[in-house]
1. Which of the residues belonging to region 247-261 are open to solvent by 20 Å² or more (accessible area, probe 1.4 Å) and touching a Pro at 6+ places or on another chain (Cβ under 8 Å)?
2. Among 209, 178, which is open to solvent by less than 50 Å² (accessible area, probe 1.4 Å), more than 24 Å from residue 99 (Cα to Cα) and not small (Gly, Ala, Ser)?
3. Considering only residues of region 206-261 that are without any contact (Cβ under 8 Å) to a residue 60 or more places away in the chain and not in a loop (DSSP other than H, G, I, E, B), which is nearest to residue 290 (Cα to Cα)?
4. Just one of 22, 89, 43, 127 is open to solvent by less than 60 Å² (accessible area, probe 1.4 Å) and either at pLDDT below 95 or part of a loop (DSSP other than H, G, I, E, B) (or both); which is it?
5. Can you tell me which residue among 273, 280, 255 is at pLDDT below 95 and among the charged types (D, E, K, R)?
6. Starting from region 184-200, keep only residues that are over 20 Å from residue 174 (Cβ atoms), then list their pairs with residues that are open to solvent by 30 Å² or more (accessible area, probe 1.4 Å) and of a type in the set (Asp, Glu) whose Cβ atoms are within a distance under 9 Å, requiring at least 6 positions of separation or different chains.
7. Is it the case that some residue within region 95-110 is among the basic types (Lys, Arg), under 24 Å from residue 160 (Cβ atoms) and under 17 Å from the mean Cα position of the chain (by Cα)?
8. If you scan region 37-64, which residues turn out to be touching a Leu at 6+ places or on another chain (Cβ under 7 Å) and farther than 21 Å from residue 263 by Cα?
Amino acid sequence: MRRDVIGIAGFFLVLICVPTALAQAYPSKAIRMIMPFAPGGGLEAQARVVTVKLAETWGQPVVIDSRPGANGVVGTQMVVAAAPDGYTLLFTNSSLATVAILSGKPTFDPVKDLATVIQVGVQPQILVAHPSMPATLRDVLALARQQPGKLNFASAGSTSQLTMELLKSLAKVDLLHVPYKGSAPAVTAILGGEVQFAIFSANVILPHVRAGKLRALGVTSAKRAASLPEVPAIAEAGVPGYETIQWSGVLAPARTPRATVARLNAEIDRLLRLEEVLQRLGNLGVEPAGGGPERFAAYLSAETVKWTRLIKETGLRVE
């Protein structure tokens, strides 16, 4: 009888240990990190910081696979449809919160169809104006209200347009949207005075601000950025409640085992504290985020609700 009890106990002990052993064995082969945008930009640079260190630590290749198309839908959909085994991951940015609803007929739900692993970094953006515009945001908004629909702003894609649309909505001003195919032509346009305003990533626009070619009216984060203490937050400079940042993060297909997600999260969170990683991200103008999967999930859910509401309330069509 005693042997039977011991045998049964041993059987259940094996069942308990098997998942743990499997989790510890991950990863046992190459990991594909899909980036749903064209290579060569700031997002790929961030992804490379993470993938290189992961490969060094785990002794397995972690390969960036760039799959651009439909503002990020193509690559994201590939991850949604992938096997939930931790070997196909998504490295994406803030556009994830809006891409499904802006696609017209959503083929996935970013909250339900993906498992958050970790938020990698955050990057404040800067609202800039041509030097011919008033010196403060309050004065600029007053001018815009005096001339509804006369002043214009540049965008370099859906995300940059939405950040300005949020400003328009909260400040109750009417600005004309002028779309450009990428940051480079949009920057050229505002430098040349073709448009009066735009919101750009700090690393893209700071050199022109420092050179006095453009005027920084505010940062998009809730508080002043540590790297730009002299520039007020838009929320404190005339538009209460305004907040939006660019972020990057790693996600996996829904139903990826929790143990696998936890292992990925723990390792990337550790890497984000390394001096070498901090320096490389800092050179890109990115502040490390980190934290648990639940924290990232709550943030993504809140962002999706915020932008979905704005798109529906304004009837926005992203050009």
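The values are calculated or read from the model by the stated rules, or taken from the named source; none is laboratory data. Since the model is a prediction, treat every value here as computed from it, not as a measurement. A quick note on method: Cβ atoms are made from the backbone with ideal geometry, for glycine too, and the neighbour counts reach across all protein chains shown. Surface areas here come from the heavy atoms of the whole protein model, side chains and all, with no ligands, DNA or RNA. Shrake-Rupley method; radii C 1.70, N 1.55, O 1.52, S 1.80 Å.
1. Listed by number, the residues that qualify are 255, 257, 259.
2. None of the other options fit; the residue is 209.
3. Here the residue is 258.
4. Only one candidate passes the filter, namely 43.
5. After ruling out the rest, the residue left standing is 280.
6. These pairs meet every condition: 188/194.
7. no
8. Hits for region 37-64 are 37, 42, 45.
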